[in-house]
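Please read the structure below before turning to the comments.
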């Protein structure tokens, strides 16, 4: 971009004030809004703002009214809409004839009103669209995009903050790339490639949605062919046997500040390999055959990341945890909140319990110490417990495909043979319960060995009445 400031022409445009427009001229900076008419293509002119935005327009005479009119052609973009592109568009419009030309620009007036929306305005519309309740495959009414809050957070924290006042149609690839680089550089807090990646995903969804027929707020998304971000390094934290032993017995201490059900939920994630969101909402109606030979936990699709029902076999160790957590016959949620009766504990409760909480006014001070700190363990997250359990299963020699089923991952290979995706999605609806149960029982037995907990010969009768 040429950073030189060109003084705008004073007074009205004279007969000889037209110039031969070039792309370089469109990139010049001006001290005040200026217009330049093209000598090669009569009627074509460009308007440049002090912000450096150059817009092509076409001036013609409306034969119906006998008055001159100006029609908007587009914003200059060195990659998608140059001077030659604008000239070609004008030549095509002139070939249409007077009446058709006027009608085209009447329609364009309504389109221009749409394209005059700011980024902040289309973000508001996008969020409203995302959180609108629609009927889901299971028959429930839920938000159109169930993870809309996370997307809205990235739209608000990054895109609205930086680009909110800008016209949506004027946002360029350079704007998105610069914003992405600034996030990675730490100009929005802690440097984060992950936040930059999520911002790009939210921006791409926003502008693709804005460009759809019927909205036409932008002509195309500026989020194409962006420079690649550095790869994110996956977490590899796995608890050792000594750490598992310290963690397991530490959760049974009476002097810890975190409630018992939250601690039981942490044990349950290690034993079942389920995600936090999947297990925290566990309801009595989702438990089957707890006192029988094939106990299981059915997680409804609305809590599952891939929006599919999970049927997870329960080991005897998992059943023990459930029966301790269900303290009374009228308790409906297994991991009921200690503060709100009849509600499950908050989705962040397990993570907060591990890392501790900070003072609202002084983020450098700890309000309540986390279990990792209290037990002298290197910090880890609830998700690391899933990885630890999967690693135990792998060390026991279980097939990766079986372990993937327990983790609710889509297995792409079996015995080094690529399995077509359509096989699992359309044809094979087997839950592989036999294999999954073998893995779950194997992990439970290994955990008992590590923590020194003997397998009970009979399960105690707690008097719980569960659906069989």
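No value in this document is a laboratory result; all are computed from the given coordinates. What you are looking at is a predicted structure, and each value in this text was computed from that prediction instead of being measured. Here the Cβ positions follow ideal geometry from the backbone for every residue, glycine too, while neighbour counts run over all protein chains shown.
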What FRET efficiency, computed as 1/(1 + (r/R0)^6) with R0 = 51 Å and r the Cβ-Cβ distance, is obtained for residue 401 and residue 166, rounded to the nearest 0.05?
0.55
Provide, as a two-decimal number, the C-alpha radius of gyration of the stretch 241-451 over 2.2 N^0.38 Å, N being how many residues it has.
1.06
Using 0.36 nm per residue, how much length does the chain from residue 50 to residue 32 gain when fully extended, once their Cα-Cα distance is taken away?
5.9 nm
Could you tell me the calculated FRET efficiency between residue 94 and residue 39, based on Cβ-Cβ distance and R0 = 22 angstrom, to the nearest 0.05?
0.85
At the level of C-alpha centres, the distance separating the stretch 193-215 and the stretch 50-82, in angstrom, is 28 Å
Spacing of the two label points (7 Å from each Cα toward its C-beta) at residue 358 and residue 135, in nm
4.6 nm
The stretch 21-65 -> Rg/Rh from Cα coords, Kirkwood Rh, value 1.06
Label residue 308 and residue 178 with points 7 Å out from Cα along Cα→Cβ: what is the distance between them in nm?
4.4 nm
Residue 289 to residue 375: FRET efficiency via 1/(1 + (r/R0)^6), r the Cβ-Cβ distance, R0 35 Å, to the nearest 0.05?
0.55
How much length would be gained if the chain were fully extended between residue 237 and residue 150, taking 0.36 nm per residue of separation minus their Cα-Cα distance, in nm to one decimal?
28.9 nm
At 7 Å along Cα-to-Cβ for each site, give me the label-to-label distance between residue 343 and residue 70 in nm.
5.6 nm
Expected unfolding gain across residue 193-residue 80 under the 0.36 nm per residue rule, minus the alpha-carbon gap, is 37.9 nm
For the stretch 119-210, what percent of Cα pairs sit more than 24 Å apart?
24 percent
